[in-house]
Amino acid sequence: MQTLFINIKELLQVREQHVDKVAGPDMSVLPKIDNAFLLIENNLIANFGVMENCPNLPNATIIDATGRVILPTWVDSHTHIVYAGNRIQEFVDRINGLTYEEIANRGGGILNSAKKLNETSEDEIYEQSKIRLEEIIQQGTGAVEIKSGYGLTIDGELKMLRVIKRLKENYPIAIKATFLGAHAFPLDYKENHSGYIDLIINEMLPKIASENLADYIDAFLETGYFSVDETIKIMEAGKKYGLEPKIHVNQFTAIDGIKACVENGALSVDHLEIVTDEDIEVLKNSKTMPVALPSCSYFISIPYTPARRIMNAGLPLALATDYNPGTTPSGNMNFVVATACIKMKMTPEEAINAATINGAYAMGISNTHGSITKGKKANILLTQPLTSYYQLPYSFGTNLIDKVMVEGKFI
Ligand SMILES: N=CN[C@@H](CCC(=O)O)C(=O)O
Ligand SMILES: [Zn+2]
């Protein structure tokens with residue numbers, strides 16, 4: 001089956017040669033073709049170029065994209081979309097002056113979600129979560145990483161990961177599962193951290209590995225949550241089962257966690273709202289992708305990740321949503337890209353690179369996703385007619401996505 005898009009106003013993120021990520025000054029380069037064609041064959045990108053070279057294909061389905069922009073679907077490398085219920089009351093409590101930390105100290109926060117999750121059946125969690133997955137696909141996300149971490153019990157964590165597995169089986173987009181048992185210490189282990197870490201390492205991980213339920217391992221490395229040494233233990237244990245680390249770090253405090261993550265070969269370090277010069281130094285010459293989550297900064301009023309400092313140091317940067325019930329009840333990558341431009345002063349080119357090819361790197365799929373490259377998955381966004389792609393972040397409150405194609409099929 002062939003689909004041929006013709007007269008595309010701007011075809012973005014065109015990479016003739018494979019790149020797995022872009023860093024430093026290269027982030028400001030977003031290769032594009034004006035007045036382009038794009039040929040999809042079955043589920044793959046088969047060809048593209050300027051309209052003068054457009055092939056004549058009488059059997060193809062022709063789509064006239066006059067005035068419209070086409071780009072790869074967003075790659076959201078950090079979410080927690082499998083959860084039960086919501087935390088709307090905490091949202092109002094924060095408006096009334098409580099901080100995220102104060103709410104957590106009162107038994108709210110992650111423990112509040114864990115209580116709800118453990119009281120909810122797997123089927124019900126699946127039903128609630130699939131609504132969010134369907135929503136983000138319509139908003140243009142074509143690949144997503146989903147974490148556990150609201151179980152904090154053996155059964156709860158397994159339940160979450162089985163829901164993620166069902167989502168993987170039932171939806172066409174690429175999904176990676178991350179085991180986040182080390183998200184918070186359950187109340188029973190408040191004074192017995194080593195007991196909970198033993199539970200993760202000796203009970204949860206072997207079961208998860210035997211059912212092949214996770215691709216990555218995560219921990220919330222933060223003051224008041226998991227220390228550097230505790231996180232190192234978790235990362236080392238995960239790696240023994242083939243789970244590469246992707247770690248929550250430097251959200252509220254900088255405690256040399258990034259160094260530990262880099263030394264343990266983390267694929268990504270995520271949040272980075274508070275970053276020291278030493279943190280930036282250790283990321284240089286590493287394979288670790290820094291990931292910024294601007295919707296989280298927006299929603300709970302914490303600093304934005306210093307994108308310019310990171311990119312000026314020659315580093316790459318990815319953007320993701322962090323969709324979760326506590327700090328970011330939104331999975332809209334269009335909003336993430338716009339907020340990165342408006343609040344983090346990323347250029348549209350940098351933000352789109354961060355939300356496509358670098359996001360793909362941060363979920364280990366840049367061979368197949370994140371750019372318009374021959375042989376990659378036919379995952380593309382067709383916009384409404386636009387002045388130019390600058391309108392994507394500029395008209396930040398307007399839905400400019402007309403159609404989403406995943407693996408060659410419109411969703
Ligand atoms: N910071 C840690 N985890 C989530 C929030 C978890 C929650 O509050 O439910 C995050 O990435 O923001
Ligand atoms: Zn998160």
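Take the residues in the range 80-107 that are within 12 Å of ligand 1 (Cβ to nearest atom) and assigned to a helix (DSSP H, G or I), then tell me which one is most open to solvent (accessible area, probe 1.4 Å).
Of everything passing the filter in the range 80-107, E101 is most open to solvent (accessible area, probe 1.4 Å).
Within the range 315-324, count every residue that is within 12 Å of ligand 1 (Cβ to nearest atom) and either more than 12 Å from H80 (Cα to Cα) or surrounded by fewer than 24 Cβ atoms within 10 Å (Cβ to Cβ) (or both).
0
Looking at (1) surrounded by fewer than 23 Cβ atoms within 10 Å (Cβ to Cβ); (2) under 30 Å from N312 (Cβ atoms), which is the one condition that is false for P385?
Looking at each condition in turn, P385 falls short on (2).
In the set N353, N358, N334, which member is away from ligand 1 (no atom under 16 Å from the Cβ) and open to solvent by 10 Å² or more (accessible area, probe 1.4 Å)?
After applying the criteria, what remains is N334.
Answer yes if at least one residue in the range 1-16 is among the charged types (D, E, K, R), at pLDDT 95 or above, open to solvent by 10 Å² or more (accessible area, probe 1.4 Å) and part of a loop (DSSP other than H, G, I, E, B), and no otherwise.
Yes, some residue in the range 1-16 is among the charged types (D, E, K, R), at pLDDT 95 or above, open to solvent by 10 Å² or more (accessible area, probe 1.4 Å) and part of a loop (DSSP other than H, G, I, E, B).
What number goes with the only condition from (1) farther than 24 Å from G265 by Cβ; (2) more than 16 Å from ligand 1 (Cβ to nearest atom); (3) buried (at least 24 other Cβ atoms within 10 Å of the Cβ) that N312 does not pass?
Against the list (1) farther than 24 Å from G265 by Cβ; (2) more than 16 Å from ligand 1 (Cβ to nearest atom); (3) buried (at least 24 other Cβ atoms within 10 Å of the Cβ), N312 comes up short only on (3).
If you go through the range 268-306 one residue at a time, how many are without any contact (Cβ under 8 Å) to a residue 24 or more places away in the chain, farther than 23 Å from N332 by Cα and not in a helix (DSSP H, G or I)?
3
Quick one: in the range 283-309, of everything that is over 12 Å from T339 (Cα atoms) and in contact with a Ser or Thr (Cβ under 6 Å, 6 or more places away or on another chain), which residue is surrounded by the fewest Cβ atoms within 10 Å (Cβ to Cβ)?
I300
The values are calculated or read from the model by the stated rules, or taken from the named source; none is laboratory data. Here the structure is a predicted model, which is why all the values come from computation and not from measurement. Glycine also receives a Cβ, built like all others from the backbone with ideal geometry; neighbour counts cover every protein chain displayed. We work out accessible area using only protein heavy atoms, side chains counted, and drop any ligands, DNA or RNA first. Shrake-Rupley method; radii C 1.70, N 1.55, O 1.52, S 1.80 Å.
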